[in-house]
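Contents: one structure, followed by commentary.
The values are calculated or read from the model by the stated rules, or taken from the named source; none is laboratory data. None of the values given here were measured: they were computed from a predicted structure. Here Cβ is always computed from backbone atoms with ideal geometry, including for glycine, and neighbour counts include all displayed protein chains. Heads up: the accessible areas ignore ligands, DNA and RNA and are worked out on the full protein's heavy atoms, side chains in. Shrake-Rupley method; radii C 1.70, N 1.55, O 1.52, S 1.80 Å.
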Amino acid sequence: MQLEPGSSDDAGRIAPTAISLLNSVFGLPAFRGEQEAIISHVAGGGSCMVLMPTGGGKSLCYQLPSLLRRGCGIVVSPLIALMRDQVAGLLDAGVKAAVLNSTLSWEEAQAVEQRLLAGHLDLLYVAPERLLTQRCLSLLKRTRLALFAIDEAHCVSQWGHDFRPEYIGLSVLAEQFPDVPRIALTATADDLTRKEIATRLGLDDAPCFIASFDRPNIRYEIVEKRNAKAQLQEFIAERHAGDAGIVYCLSRAKVEDTVAALVKAGIPALSYHAGMDASLRARHQDRFLNEDGIVIVATIAFGMGIDKPDVRFVAHLDLPKSIEAYYQETGRAGRDGKPSNAWMTYGLSDIVQQRRMIDESTGSDAFKRVSIGKLDALVGLCETAGCRRERLLGYFGEACDGPSCSNCDNCTSPPRVWDGSVAAQKVLSCVYRTGQRFGAMHLIDVLLGRSTERVTQLGHEKLSVFGVGTELNDRQWRAVIRQLVAHGHLQSDSEAFGGLKLTESARGVLRGETTVMLREETSASTKRNRRARAVPASGAPGGSGSSALLTALRNWRSGMARELGVPAYVILHDATLEGIVAASPKSRDQLRSVPGIGDKKLERYGDALLQLVRADGNT
Ligand code: ADP
Ligand code: ZN
């Protein structure tokens with residue numbers, strides 16, 4: 001665009017304002033949260049940092065100022081797939097956008113450069129290593145630039161989990177282009193990362209816009225692990241039939257195993273892990289992005305830069321390493337703002353496994369201490385009887401409004417908490433008397449008075465603790481032992497093959513000085529949870545007639561996406577399809593007022609969409 005906002009050119013055309021572009025290009029009626037303040041700051045030539053959760057709406061914060069300011073906006077992004085899909089979406093909305101990265105041929109790259117120099121581009125996405133070449137920097141110096149947007153800015157942080165060496169070089173932007181505003185964006189919020197971004201990108205004096213990290217449309221639920229695969233199948237079948245979702249496991253073997261089980265149950269599942277052939281992995285990712293209703297089962301290597309807005313659930317079959325990792329992974333659900341589930345199964349073996357991974361890692365003692373602290377915080381989240389959201393946000397230094405979020409398992413069906421001090425004493429003395437080297441299974445056999453081969457071999461049926469715990473069953477004892485580990489009264493000992501030993505704090509419990517409150521896990525509460533689900537996870541609003549229209553719209557969209565070779569959501573989001581069903585538009589004007597339908601979309605798809613709505617009305 002060539003005009004300053006609100007001004008007019010020689011021909012008397014009025015320059016667009018941010019809100020008018022939001023509406024005409026993106027088809028959206030209003031800004032969200034901090035967007036407006038950020039956009040007006042950057043459009044006015046200011047640099048800044050933006051911390052916003054995944055799905056918060058970061059892209060508009062640099063796309064709109066690029067359209068409002070003279071010259072081309074340069075977007076630095078480390079993720080080729082993400083660049084491709086964002087550009088496809090922008091082109092479909094009528095924005096002059098292009099990419100410059102290693103996937104282009106020499107001729108294609110030349111053509112893009114020519115368009116840039118001729119002032120024919122509003123937005124250019126560039127990979128960082130490309131941007132830093134002499135050729136590209138000198139090209140940019142000859143071009144009028146609207147801004148630099150540094151997406152995934154936490155990649156400059158050497159302490160972070162996504163460090164990319166090529167991001168370090170981005171400090172040249174401040175040095176060589178002091179007059180071009182820079183906007184650095186990330187969903188990673190911790191203080192250390194924030195400071196490092198500011199220093200490296202020359203943003204020490206620039207304002208930092210921090211959005212709330214709450215994701216109100218995500219429902220958090222953490223359940224006791226029994227048979228993880230069966231639990232997952234039930235979760236998908238009952239709550240997410242036909243939905244797209246991501247399942248995380250720790251190991252490749254478990255990924256393959258889980259995919260096999262899901263496929264056998266008729267769920268379209270695909271694997272994704274580092275051990276696979278790269279082209280097959282890329283194919284699976286593409287199918288997940290482009291087709292409706294695929295479940296991808298992945299190790300943590302999957303997901304950064306996955307922009308798919310309609311991921312309806314994220315399931316964890318294993319415990320992640322930290323709350324940061326959990327929040328980032330679960331954050332991939334529900335970018336479109338519609339109800340979504342973050343669901344995890346968790347058990348004693350998870351804590352033991354993660355502890356062992358830390359103990360056996362080659363990191364320094366300081367690193368191990370930090371890792372254990374992070375694991376403890378995550379285990380605390382799993383064991384809390386209070387609101388999960390409050391815990392999560394509290395971890396990031398944010399307070400929750402109100403006493404209950406009404407959208408986590410503990411808020412919708414609060415678990416019963418009981419005084420488990422006596423049960424705890426029984427477990428701890430059982431651990432002590434058996435020599436602090438056995439796992440939960442053997443301890444439970446002793447507590448329940450079972451004369452198994454091992455028990456008799458070791459003479460453990462002669463111990464005073466043998467058979468003292470018949471008031472609880474197997475599962476209940478497992479839950480008690482897990483919580484004693486979680487509360488730090490027991491610790492798994494890597495040298496004793498994960499056997500449990502007492503910690504310093506166990507003494508207070510054994511002496512009766514420390515009360516141990518435990519949360520009760522019953523199968524009944526799982527059932528209650530299910531019924532208490534506040535909102536259906538997916539499906540069309542309204543009756544069966546409208547769901548037929550939704551299906552027709554989806555089919556039309558799939559065909560269109562295949563024809564254009566782009567993901568379905570690039571054509572129209574689910575929320576927009578549902579908006580059409582709800583509004584049942586009869587005219588182009590009515591269709592235009594559905595959120596997500598901008599001028600270009602109306603022009604391209606208006607007739608086809610109105611025809612589908614009419615056809616539905618006639619049946
Ligand atoms: P992020 O990059 O922060 O993860 P995106 O920029 O991809 O998030 O936006 C996430 C989703 O929110 C997208 O589907 C986008 O269309 C939608 N969105 C962003 N801003 C708005 C808004 N003001 N009104 C409605 N939807 C919005
Ligand atoms: Zn809650």
Fill in: Charge context of Arg478, other residues only, Cβ under 11 angstrom, K/R +1, D/E -1
+1
Discussion item. For a protection proxy built on the mean count of beta-carbon atoms within 10 angstrom, sort 151-157, 483-489, 498-504 highest first, please.
Written reply: 151-157, 483-489, 498-504
Discussion item. As I understand it, the value is the acute angle between the Cα axis of helix 191-200 and the longest principal axis of the Cα atoms of the chain; what does it come to in degrees, rounded to 10?
Written reply: 30
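Just the number please: accessible area per residue for the stretch 239-308, 1.4 Å probe, all protein chains included, in Å².
Working: 2780 Å² over 70 residues.
Normalised by residue count, the accessible surface of the stretch 239-308 is 40 Å².
Is the C-alpha gyration tensor of the stretch 218-346 telling us rounded, prolate or oblate? Criteria: a/c under 1.5 is rounded; beyond that, a/b larger than b/c is prolate, otherwise oblate.
Values: a/c = 1.19, a/b = 1.10, b/c = 1.09.
In terms of gyration-tensor shape, rounded.
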Worksheet item: In terms of modelled amide H atoms, which long-range or inter-chain residues lie less than 5 Å from the amide H of Tyr125?
Response: Val75, Ala98, Val99, Leu100
Worksheet item: If we sort 315-324, 233-242 on the protection proxy, mean other Cβ atoms within 10 Å, highest first, what's the order?
Response: 315-324, 233-242
Worksheet, complete the sentence: Taking placed amide H atoms and a strict 5 Å upper bound, the residues 5 or more places from Leu145 or on another chain that come that close are Cys72
Worksheet entry | Karplus (6.51, -1.76, 1.60) ³J(HN,Hα), θ = phi - 60°, over the stretch 40-55, in Hz, Gly and Pro reported as x | 6, 4, 6, 4, x, x, x, 8, 6, 10, 10, 10, 8, x, 3, x
Discussion item. Checking the a/c ratio against 1.5 first, then a/b against b/c, what shape does the Cα gyration tensor give for the stretch 45-185?
Written reply: rounded
Item to complete: Working with all protein chains in place, sort Arg388, Arg588 by solvent-accessible area computed with a 1.4 Å probe, largest first.
Response: Arg588, Arg388
Practice prompt. Assign unit charges at the C-beta atoms only (+1 for Lys and Arg, -1 for Asp and Glu), then state the dipole size of the chain relative to its Cα centre in Debye, rounded to the nearest 20.
Written response: 1040
Practice prompt. Tally up the carbon and sulfur contribution to the accessible surface of the chain as a whole percent, 1.4 Å probe, everything protein left in place.
Written response: 52
Discussion item. Could you tell me how far the Cα centroid of the stretch 230-258 sits from the Cα centroid of the stretch 105-158, in Å?
Written reply: 40
Response to the item:
Toy charge model, Lys and Arg Cβ at +1, Asp and Glu Cβ at -1: the stretch 115-202 dipole around Cα centroid in debye, rounded to 20, equals 460
Item to complete: Take the stretch 547-617, compute every pairwise Cα distance, and split them into 5 Å bins from 0; I just need the percent in each bin.
Response: 3, 18, 32, 30, 14, 3, 0
Worksheet item: How much mean residue ellipticity at 222 nm does the chain get from its helices, if each DSSP H run of length 4 or more adds -39500 (n - 2.57) and you divide by all residues, to the nearest 500 deg cm²/dmol?
Response: -13500 deg cm²/dmol
Worksheet entry | In Hz, Karplus ³J(HN,Hα) per residue of the stretch 481-487 (6.51, -1.76, 1.60; θ = phi - 60°; x = Gly, Pro) | 4, 4, 5, 5, 5, 4, 7
Worksheet item: Under the definition of Cα pairs under 8 Å and six or more residues apart, what whole-number percent is the relative contact order of the stretch 18-210?
Response: 29
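Tell me, what is the percent relative contact order of the chain, built from C-alpha pairs under 8 Å that lie six or more residues apart?
Working: 1030 pairs, mean separation 83.5, N = 619.
RCO, the chain: 13 percent.
Which of the trypsin sites (Lys or Arg not before Pro) found in the stretch 411-440 are loop residues per DSSP with 16 or fewer other Cβ atoms within 10 Å of their Cβ?
Details: sites: Arg416, Lys426, Arg433, Arg437; in loops: Arg416, Arg437.
Loop-located and lightly packed - Arg416, Arg437.
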Worksheet item: If packing is taken as the mean number of other Cβ atoms within 10 Å per residue, what is the order of 275-283, 130-138, 210-218, 64-72, highest first?
Response: 64-72, 210-218, 130-138, 275-283
Worksheet, complete the sentence: The local net charge around Leu500, scoring Lys/Arg +1 and Asp/Glu -1 for residues other than Leu500 whose Cβ lies under 15 Å from its Cβ, equals +2
Worksheet item: So for the chain, what are the equivalent ellipsoid semi-axes in whole Å, largest first, each being the square root of 5 times an eigenvalue of the Cα gyration tensor?
Response: 50, 29, 21
Fill in: Amide hydrogen neighbours beyond the local backbone of Cys48, cut-off 5 Å, H modeled
Arg182, Ile183, Ala184
Practice prompt. May I ask which of Lys264/Lys601; Lys254/Lys426; Lys254/Lys368; Lys264/Lys501 have a Cα-Cα span longer than 29 Å here?
Written response: Lys264/Lys601; Lys254/Lys426; Lys264/Lys501
Worksheet entry | Residue-wise HN-Hα coupling along the stretch 378-383, computed from phi with Karplus coefficients 6.51, -1.76, 1.60 (Hz; x: Gly, Pro) | 5, 4, x, 5, 5, 8
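In Å², what does the accessible area per residue of the stretch 547-617 work out to with a 1.4 Å probe?
Working: 3270 Å² over 71 residues.
Per residue, the stretch 547-617 has an accessible area of 46 Å².
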Worksheet item: So what's the angle, to the nearest 10 degrees on a 0 to 90 scale, between helix 278-290 and the longest Cα principal axis of the chain?
Response: 70
